[in-house]
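Everything on this sheet refers to the single structure shown next.
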Amino acid sequence: MATVETRALRKRFDGVAAVDGIDLPVREGEFLVLLGPSGCGKTTLLRMIAGLETPSSGDVLIDGRVVTPLPPRERNMAMVFQSYALYPHLTVADNIAFPLKAHGMRGAEAAERVQRAAAMFSIERLLKRKPRQLSGGERQRVALARAVVREPVVFLLDEPLSNLDAQLRSAARDELQQFQRRLGTTTIYVTHDQIEAMGLGDRIAVLDHGRIHHLGTPREIYADPADTFVATFIGSPPMNLVETDDIITGFRPEQFMPIEALPADEPVRRFTLDVGRVEYLGADRLVYGTLAPPLPPSRVIARLPAGPELPVSTGERHEFAVRERDLRHFDRASGRRVN
Ligand code: ATP
């Protein structure tokens, strides 16, 4: 187990900052997720931590020690890529053993380590096969076994589940989490999938344009987003943002409901809603609407239970409300949260 830290880490490609001054403290044993849209710099940041990319400036520290000039193999980190990058001509056993051989470990000790790593991911029966004889999920496990075989102090995972179908992905996520908890290895995990990030991360760093917008627990990021980017990037549908004077007021779809659903003794903010489409989702309904005057006509979404209570229908004008305590406020110019 180890701590990882980046200090003012920057990477420019052709004069453009892909990573624009990132201070990221990762705790010992933590599962930290880097989340952001395509091109925000997640992979570049991870590759600099791994030593696969040279920073333009700034430092990477492991256990408080600067490792910026060290090559990847001297950092004791293991990286798993989206593609898994298994060697097609080698058996599963040889693929897993590869990092050991590269470090000069052979014979009985290497064989025992391979067995242990294979057992960890229940792939002992696959050891003699070649990668093309494996399913996507099995390949992923082989890649993870290969990553753990050297018993690294840090795992760096770049969208390792993105080649799996939805069902396998959910099982693999579960497995990955259990495995990380069992080993307690500090893990940095890149994804653009917020469901994956929320489910896996002890903390999430939300990135955009090479900068961290918010570093916090899934709950903090969802409930108290640092700015309007995070507010709309996290949550599906995203947080509603309504311009009121020079402030932007935000509230989550599930906090926005017909006034009759809220207790009369709680302070609420009322909004008059012109109801557009009502979408039935099984457990929930999504109500799409537009705020009526005197507010500017913002589009907003409410998430209501699907049951027969609280009838809301297309074309009607309905009083909606949000508890005052659920409202969040953002500065209009900077987008930063002000309360
Ligand atoms: P994705 O989720 O699509 O993989 P990402 O967040 O991982 O995206 P990066 O791969 O880190 O993003 O790329 C960040 C920015 O840096 C992008 O604009 C990309 O085009 C640019 N970039 C990345 N690698 C290079 C390179 N070797 N040369 C030039 N530009 C690069």
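Read-outs throughout are calculated quantities, based only on the coordinates presented, and are distinct from any laboratory measurement. Treat the numbers as computed from the prediction; the structure is a model and nothing was measured. We place every Cβ from the backbone using ideal geometry, glycine too, and count neighbours over all the protein chains shown.
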* Shape call for the range 243-283 from the C-alpha gyration tensor, a ≥ b ≥ c root eigenvalues: rounded (a/c under 1.5), prolate (a/b greater than b/c) or oblate? -> oblate
* Asked: So who's got an amide H within less than 5 Å of the one on residue 189, skipping anything under 5 residues away but keeping other chains? H placed 1.01 Å off N, in plane.
  -> 32, 33, 34, 157
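Please work out the ratio of the alpha-carbon Rg of the range 78-120 to 2.2 N^0.38 Å and round it to two decimals.
Scaled against compact globular proteins, the figure is 1.16.
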* Asked: Check residue 211: other-chain or 5+ apart residues with amide H under 5 Å from its amide H, H built from backbone geometry?
  -> 20
* To do: Distance from a point 7 Å along Cα→Cβ of residue 232 to each backbone N in the range 289-308: keep the residues under 17 Å and list them by number.
  => 289-291, 296-302
* Mind checking the full-extension length gain between residue 260 and residue 112? Use 0.36 nm per residue of separation minus the Cα-Cα distance, one decimal, nm. => 46.7 nm
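Once Rh is set to the Kirkwood radius over Cα pairs, what Stokes-Einstein translational diffusion coefficient, in µm²/s, holds for the range 4-228 at a temperature of 20 °C and a viscosity of 1.002 mPa s?
Details: Rh = 18.0 Å.
Answer from the Stokes-Einstein relation: 119 µm²/s.
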* Positive-end residue, the range 33-182 charge dipole about Cα centroid, Cβ charges, pick of 180, 39, 55 -> 180
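Quote the charge dipole size of the chain about the Cα centre in Debye, to the nearest 20; the model charges only the Cβ of Lys and Arg (+1) and of Asp and Glu (-1).
My answer is approximately 1540 debye.
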* Asked: Given +1 on the Cβ of Lys and Arg, -1 on the Cβ of Asp and Glu, and no further charges, what dipole in debye does the range 275-332 carry about its Cα centre, rounded to the nearest 20?
  -> 180
* Convert each backbone phi in the range 143-152 into a coupling constant with the Karplus relation 6.51 cos²θ - 1.76 cosθ + 1.60 (shift: θ = phi - 60°), then list the ³J(HN,Hα) values in order as whole Hz, x for Gly and Pro. => 4, 5, 4, 5, 6, 8, 4, 8, 6, x
* Structure fact -> The set of residues whose placed amide H lies less than 5 Å from the amide H of residue 40, leaving out same-chain residues fewer than 5 positions away, is none
* By DSSP, what percent of the beta bridges with both residues in the chain are antiparallel, rounded to the nearest 5? -> 75
* **In Hz, Karplus ³J(HN,Hα) per residue of the range 12-28 (6.51, -1.76, 1.60; θ = phi - 60°; x = Gly, Pro)** => 10, 10, 6, x, 9, 7, 7, 10, 10, x, 9, 9, 10, x, 10, 7, 4
* To do: Counting only C-alpha contacts under 8 Å and six or more residues apart, can you give the relative contact order of the range 244-321 as a whole percent?
  => 39
* Exactly which GluC sites (Glu not before Pro) in the range 253-338 are in a DSSP loop and have at most 13 other Cβ atoms within 10 Å? -> 309, 316
* Anchor residue 128: aspartates and glutamates whose Cα lies under 17 Å away (excluding residues fewer than 8 positions away in-chain) -> 94, 112, 138
* Asked: For q = 0.10, 0.13, 0.20, 0.24 Å⁻¹, what log10 I(q)/I(0) does the range 238-331 give under the Debye formula with an equal point scatterer on each alpha carbon and no solvent?
  -> -0.23, -0.40, -0.96, -1.36
